[in-house]
Amino acid sequence: MSQAITRRAGLGLAALLCALAPLSLALGPAGAETSGPEISFEIPEPGSVPPTLGAEAFERIYEVVSHPRCANCHVGEDNRPMWSGPSYGAPRPHGMNITAGESRIGAETLLCSTCHRTNGDFDTDPHAPPRAGLDWRLPPVEFQWFDRSAAQVCAQLSDPERTGGRDWVELARHLTEDAGHRGFVLWGWNPGGNREPAPYSLQTHVEDILTWGAAGMPCPES
Amino acid sequence: MKVSFKVNGAAQSVDVAAEMPLLWVLRDHLGLTGTKYGCGIAQCGACTVHLDGQAVRACQVQAQELEGAEVLTIEGLGRPEALHAVQDAWVEHQVAQCGYCQSGQIMQAAALLDLNPAPSDDEIDAAMSGNLCRCGTYPRIRAAIHAAAQKLEG
């Protein structure tokens, strides 16, 4: 039996999902907007979705996670965030010689929060550093998406050892939880300045994760 | 909105727009003009101050983030009769040329030494590359940071 969930993503869900690492981070100051959007999703019965629909959903998922709004910070073990997207031409490492270090928050040299403030007001000036309701940081190195193929990303998202222990339902919940904090996921579709947002919508992305998961997490060959 | 915080140890309270950058709170409302405006988009580092002990770009910190915070600016880092070790080293090495970026450079360098008392050249470069100097005083900045580290070591 499927479960229908409709809620305003926020601290109520945070309490339920306290095992997720980002929840330990402090909330930002009161901004113009301090809560996330309405996110609804229905958890389908595993196996209730044909693999072909799951594969189509993953194609959209990959379009999202490989987009510069997501992939620029989902970088590998060199710990260097990237600048890429329509305004950059060829991808290049973040300017100012930035490295986030093994801490992935820049603690070894220059904290990300020196410029990227913890503030849920996404409306920045063009070319100003983006900010979010969670402390700015790189995700764990095993979550690398930059310069990764669809098959590689699919294998990573299918492996709880490389998703912080999350299965597909928990991945979808993670997205709504982040949105409740006005975090990085929600920012990807509301990036401020003149940045191109991630494709589709957060609502569609959540639904695609659930469709892909219920279809048995089919992965492309390349 | 009204916001109360400390600047250089003194309690301050201002009534400003929630989105006003700390830079303008300091310069226009509190008269502390040692913190400089360079670009307004965190590309140059000229407005660097310390917020609760951490270097930040004052142009990116909104007033609504300041309630209860402690801000340290170049005016409060040292006193003329008792310079901070970084300021002392800056004088010794005659770092400044035009000087416009130097308050930001000094505040960033002081924050670096708080976190890393003996930084290597590479660590200095990594921490200081977000602070631009159009006069190109970078070699003197690096030398002065090494000297300040030795002064602080004692």
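Read-outs throughout are calculated quantities, based only on the coordinates presented, and are distinct from any laboratory measurement. The model shown is predicted, which means the values in this text are computed figures rather than measured ones. Neighbour counts are summed over all protein chains in view; Cβ atoms, including those assigned to glycine, are modelled from backbone coordinates with ideal geometry.
Can you work out the PRE-style zone for A:Val141? Point 7 Å along Cα to Cβ, and I want the residues of region A:101-116 with backbone N under 20 Å.
Backbone N within reach: A:101-112.
B:Lys36: which aspartates and glutamates have alpha carbons under 16 Å from its alpha carbon, excluding same-chain residues fewer than 8 sequence positions away?
Qualifying aspartates and glutamates at Cα under 16 Å: B:Asp28, B:Glu75.
Which value, in nm² and rounded to one decimal, describes the direction-averaged projected area of the C-alpha convex hull of the protein assembly as shown? Show your work: numbers first, answer last.
Details: hull surface 78.8 nm².
Taking the Cα atoms of the protein assembly as shown, their convex hull projects to 19.7 nm² on average.
Counting alpha carbon pairs within less than 8 Å and at least 6 residues apart, what relative contact order, in whole percent, applies to region B:2-77? List each step's numbers first, then the result.
Numbers: 144 pairs, mean separation 30.2, N = 76.
Taking the mean separation of contacting Cα pairs over the length of region B:2-77, I get 40 percent.
Search the structure for amide H atoms under 5 Å from the amide H of A:Trp83, placed 1.01 Å from N in the peptide plane, and list their residues when 5 or more places away or on another chain.
Long-range HN contacts for A:Trp83: A:Arg92, A:His94.
Charges at C-beta only: +1 for Lys and Arg, -1 for Asp and Glu. How large is the resulting dipole of the protein assembly as shown about its Cα centre, in Debye rounded to 20? Walk me through the numbers on the way to the answer.
Details: 26 positive and 44 negative charges, 182 e Å.
For the protein assembly as shown, the charge dipole is close to 880 debye.
Going through region B:80-154, which GluC sites (Glu not before Pro) have at most 10 other Cβ atoms within 10 Å and a DSSP loop state? Before the final figure, lay out the partial values.
On the way: sites: B:Glu81, B:Glu92, B:Glu123, B:Glu153; in loops: B:Glu81.
Filter output for region B:80-154: B:Glu81.
Across peptide A:105-115, what mean number of C-beta atoms from other chains lies inside 10 Å of a residue's C-beta? If you can, show how the numbers build up before the last one.
Numbers: counts 0, 2, 1, 5, 13, 12, 6, 0, 6, 13, 12.
Across the residues of A:105-115, the mean count of other-chain Cβ atoms within 10 Å is 6.
With θ taken as phi - 60° and the coefficients 6.51, -1.76 and 1.60, list the Karplus ³J(HN,Hα) couplings across region A:187-201 in order, rounded to whole Hz; mark glycine and proline as x.
In residue order, the calculated couplings are 4, x, 9, 9, x, x, x, 10, 7, 6, x, 4, x, 6, 8 Hz.
What ³J(HN,Hα) values, in whole Hz, does the Karplus curve 6.51 cos²θ - 1.76 cosθ + 1.60 give for region B:6-22 when θ = phi - 60°, with x put for Gly and Pro?
10, 10, 6, x, 9, 5, 9, 9, 10, 10, 9, 4, 4, 8, 4, x, 3
If a/c stays under 1.5 just call it rounded; otherwise compare a/b with b/c (prolate if a/b is bigger, oblate if not). Do that for region A:44-214, with a ≥ b ≥ c from the square roots of the Cα gyration tensor eigenvalues.
Details: a/c = 1.76, a/b = 1.61, b/c = 1.09.
Since a/c reaches 1.5 and a/b is larger than b/c, the shape of region A:44-214 is classed as prolate.
Compute the projected area of the convex hull of the Cα atoms of chain B, averaged over all viewing directions, and report it in nm² to one decimal place. Each step should come with its number before you reach the end.
Details: hull surface 34.1 nm².
Computed as one quarter of the Cα hull surface, the answer is 8.5 nm².
Would you please give the FRET efficiency between B:Lys151 and B:Glu81, computed as 1/(1 + (r/R0)^6) with r the Cβ-Cβ distance and R0 = 22 Å, to the nearest 0.05? Can you show the working numbers first?
Numbers: r = 16 Å, r/R0 = 0.74.
That gives a FRET efficiency of 0.85.
Which residues' amide hydrogens lie under 5 Å from the amide hydrogen of A:Glu108, considering only partners 5 or more residues apart or on another chain, with H built in the peptide plane?
Amide H neighbours of A:Glu108: A:Ser103.
Take every DSSP beta bridge whose two residues both sit in chain B, then give the antiparallel share in percent to the nearest 5.
Values: 14 of 16 bridges.
Of all bridge pairs located within chain B, approximately 90 percent are antiparallel.
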